[in-house]
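> Here it is, the structure, as structure tokens.
The values are calculated or read from the model by the stated rules, or taken from the named source; none is laboratory data. The structure presented is a predicted model; accordingly, all values stated were derived computationally and were not measured. Backbone-built Cβ (ideal geometry, glycine too); neighbour counts: all protein chains shown.
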Amino acid sequence: MAALGQLVAGIAHEINTPLGAIRASSNNTIQALAESLPELQQLSQRLSAEQQAEFLV
């Protein structure tokens, strides 16, 4: 029974570790987008028509 408990704990750890990394990355991405998106309009106004076309591709 103890060995089964250790096995289950090991499997749970292996599953949770990648999920934690994914969760942290997604939170960082959300934060970066939240900070950058409000500035997007100002950036697009500073670009030439050619640069805007390249940006939107």
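> What about N16, is it modelled with pLDDT of 85 or more and either in a helix (DSSP H, G or I) or out of contact with any Leu (no Cβ under 7 Å at 6 or more places or on another chain) (or both)?
no
> Give region 21-57 a look and list any residue that's small (G, A, S) and surrounded by 10 or more Cβ atoms within 10 Å (Cβ to Cβ), or say none.
Listed by number, the residues that qualify are A21, A24, S25, S26, A32, S36, S44, A53.
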